[in-house]
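What follows is a short report on a single structure.
The values are calculated or read from the model by the stated rules, or taken from the named source; none is laboratory data. Please read these numbers as outputs of a predicted model, since none were measured by experiment. Virtual Cβ from ideal backbone geometry, glycine too; neighbours counted across all protein chains shown. Surface areas here come from the heavy atoms of the whole protein model, side chains and all, with no ligands, DNA or RNA. Shrake-Rupley method; radii C 1.70, N 1.55, O 1.52, S 1.80 Å.
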Amino acid sequence: EMMTEKASAVSHHSKISLNPHHPLYNEINQLVDNHLTRMDEKTEGGKDTWQVIAEEGDLKVYKRELEVNGVVIDPLKASYVVKGITGHEVCHYFWSIDVRMDWDATLESSVCTDWLAEDTFVSHNVIKRVWPASQRDALFWSHLRHVTGSNDEDPDRWIVVNYSTEDPKIPNKYVRVTMNVAMICETIIDPPADGNISRDDIKCKISYTAEVNPGGWAPASVLRAVYKREYPKFLKRFTSYVKDTVKDKPIMF
Ligand code: 6CM
C-alpha cells in the first residue's frame, strides 16, 4: 500500500515546468495533489450533502450550502461528459488566457500579470458587476498539467488549477474574490474497428470543482441565484467553444 501511495504521488507530480526553487512550486504541487486525490476518493455516494442544482443530459451540477459569518461560500462541483473532444483539449483551452474572454461571460477583463513557466502564470481578472453588490476582481495562478496514469485505477488525466494568490503591485480597486478551482479531465476512446480514431470515437469526462469566497458580504439569495444560473451556462458555453474550435483540427491527445 505504501508503494501504491508513493507511486501515485509521484505520478501527480509528472511534467512540471515550473522551477522547483520558485516560491509557488510547493503550493502548486500540493493543490494539484489534493485535487487529484479528492477526485480519486469519489465522494459521490454515501451520506454526503451535495444537492443537485442542475441536471441536463450528461451535465450534473451540485452544491453544498455553506455560510461563514453570513458570507456564502457554497462549494460547487460538476461532472460532464462531452463527445468529440479530449481532456488535453479541454484543459488547454480552459488554461489558455489568450482565449479566456472568448468563453468566460462572467469576466470584464483578464490580464496576465506574471508568466512563471510554460505551464503556469498569474492573471488579474475583473468580474462583471452583479447588482446590487460591489464589483469584484480575482488574482490567481493557473497551472496546467498532464498526469500520466499507470493503470485503470490511475487513468491518464489532464488538470488545470486556478488558485488565488497575492501581488502587492495590483491595486485594490475592487472587492477581492478568492477561489480554488479545478478542472480534471479524462479521455475515453471507443476504439474503432479500422483503427483510425476520429472525433466520433472519443469523449471527455470532465470533473469541475469551485470554491469561491466572494470576499465580503453579498446578498446570499442573489449570489446563489447567480451560481445556479452561471455555472451550468459556463460549462455548456465553454465546452461548445472547445468543440467548435477543434472540430477541423487534428485530435490533440
Ligand atoms: O472557472 C471559471 N472561470 C475561470 C476563469 O476563466 C476561473 C474563474 C474565475 C472567477 C471566479 C469568480 C466566480 C464568480 C463570483 C461572483 C461574485 C459576484 C458577487 C456578487 C453577487 C451578488 O476559474 C468559470 C467561472 C464561472 C463562474 C460562474
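Descriptive notes on the structure:
- Among (1) open to solvent by less than 30 Å² (accessible area, probe 1.4 Å); (2) out of contact with any Phe, Trp or Tyr (no Cβ under 6 Å at 6 or more places or on another chain); (3) in a strand (DSSP E or B), the one test that residue 186 misses: (1)
- Restricting the search to strands (runs of 3 or more DSSP E) fully inside the stretch 39-153 and requiring at least 2 residues that are closer than 22 Å to residue 242 by Cα and in contact with a Ser or Thr (Cβ under 6 Å, 6 or more places away or on another chain) gives 76-83, 107-117, 120-127, 136-147.
- Within the stretch 104-120, the set of residues being open to solvent by less than 40 Å² (accessible area, probe 1.4 Å) and near the ligand (Cβ under 10 Å from one of its atoms) comprises 104, 105, 107, 110.
- Qualifying residue in the stretch 155-169 (condition: within 13 Å of the ligand (Cβ to nearest atom), surrounded by 14 or more Cβ atoms within 10 Å (Cβ to Cβ) and of a type in the set (Gly, Ala, Ser)): yes
- Here residue 219 passes the criteria (1) more than 15 Å from the chain's Cα centre (by Cα); (2) within 9 Å of the ligand (Cβ to nearest atom); (3) closer than 30 Å to residue 247 by Cβ except the one numbered (3).
- Unique match (being open to solvent by 40 Å² or more (accessible area, probe 1.4 Å) and within 12 Å of the ligand (Cβ to nearest atom)) among 123, 134, 96: 134
- The listed residue being surrounded by 19 or more Cβ atoms within 10 Å (Cβ to Cβ), in a strand (DSSP E or B) and touching a Phe, Trp or Tyr at 6+ places or on another chain (Cβ under 8 Å), out of 212, 181: 181
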